[in-house]
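Remarks on the structure that follows.
The values are calculated or read from the model by the stated rules, or taken from the named source; none is laboratory data. The structure presented is a predicted model; accordingly, all values stated were derived computationally and were not measured. Note: ideal-geometry Cβ built from the backbone for every residue, glycine included; neighbour counts use all protein chains shown. SASA here: full protein model, heavy atoms, side chains in, ligands and nucleic acids out. Shrake-Rupley method; radii C 1.70, N 1.55, O 1.52, S 1.80 Å.
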Amino acid sequence: MGVYAANGRCVLANDAYARLVGATREELLAHDFTTSMAWQQSGLLEACRAALAQLRPQHLEINVISAYGKQVWCDCRILPTRLNESDHLLIQFVDLTERKQTEQRLQEAKAAAEAAAHAKREYLANMSHEIRTPMNAILGLTQILEREPLTPDQRDMLNKIGDSGAGLLH
């Protein structure tokens, strides 16, 4: 959590906020959000200005490299308030970095699983074709041989070949 004066100067910062952005509390107390490139690029500066102008809370989620070089995902709740007869912003930062990284890993794992399933379907379709074509030839030749005069043992073996081939095709 950080508290900023309307002019952009940080007047209060807790240790959790300092750890989140990779700074010390002293560095944060010297911070001016109006000159922060990270706040400008993330939309946080605009949300702070809107909260001050409208005196209404603002909420946004940002993914930013902090002014101190640390990449963070944050849920930001900006609450305008009056302290010592002047406007201030109380900004609550909730670290979403781990959750967002986990979501990204899950999306990557899902994409990999879908690719593997697609590859499996392709493989099975190809193997089915590779098995079906010669099996049809075997069954066709079996039917031709059934028309020939055969001993009972030969006919039994031919029937087993035909039954096994038909079973494989199904």
Here the qualifying pairs (Cβ atoms under 8 Å; residues six or more apart or on different chains; first in the range 143-170 and free of Cβ contacts under 8 Å to residues at least 12 places away in the same chain and under 21 Å from residue 132 (Cα atoms); second outside any helix (DSSP H, G or I) and open to solvent by less than 90 Å² (accessible area, probe 1.4 Å)) come out as none
| said: Can you confirm whether residue 44 is hydrophobic (A, V, I, L, M, F, W, C), open to solvent by less than 60 Å² (accessible area, probe 1.4 Å) and touching a helix residue (DSSP H, G or I) at 6+ places or on another chain (Cβ under 8 Å)? | reply: yes
> Do we have any residue at all in the range 5-18 that's out of contact with any Leu (no Cβ under 7 Å at 6 or more places or on another chain), at positive phi and buried (at least 16 other Cβ atoms within 10 Å of the Cβ)?
Replying inline: yes
Checked the range 32-53 for anything touching a residue at least 24 places away in the same chain (Cβ under 8 Å) and more than 11 Å from residue 66 (Cβ to Cβ); matches are 32, 33, 34, 35, 47, 48, 51, 52
Contact list, first residue from the range 69-93 and under 15 Å from residue 48 (Cα atoms), second anywhere and part of a loop (DSSP other than H, G, I, E, B) and open to solvent by 60 Å² or more (accessible area, probe 1.4 Å), beta-carbon distance below 6 Å, six or more apart or interchain, is 79/57; 80/55; 92/1
| Residue in the range 26-42 that is more than 26 Å from residue 101 (Cα to Cα), modelled with pLDDT of 90 or more, in a loop (DSSP other than H, G, I, E, B) and out of contact with any Cys (no Cβ under 7 Å at 6 or more places or on another chain) present | yes
Selection from the range 20-38 of residues open to solvent by 20 Å² or more (accessible area, probe 1.4 Å) and within 26 Å of the chain's Cα centre (by Cα) yields 22
Please tell me if residue 17 is hydroxyl-bearing (Ser, Thr, Tyr), at pLDDT below 95, in contact with a strand residue (DSSP E or B) (Cβ under 8 Å, 6 or more places away or on another chain) and not in a strand (DSSP E or B).
yes
From the option list 50, 116, 67, single residue qualifying as over 18 Å from residue 9 (Cα atoms), of a type outside the set (Lys, Arg) and outside any strand (DSSP E or B) is 116
Taking residue 126 as the residue in question, decide whether it is modelled with pLDDT under 90, closer than 30 Å to residue 11 by Cβ, surrounded by fewer than 12 Cβ atoms within 10 Å (Cβ to Cβ) and more than 29 Å from the chain's Cα centre (by Cα).
no
Scanning the range 82-111 residue by residue, those among the aliphatic types (A, V, I, L, M), open to solvent by less than 60 Å² (accessible area, probe 1.4 Å) and part of a helix (DSSP H, G or I) turn out to be 109, 111
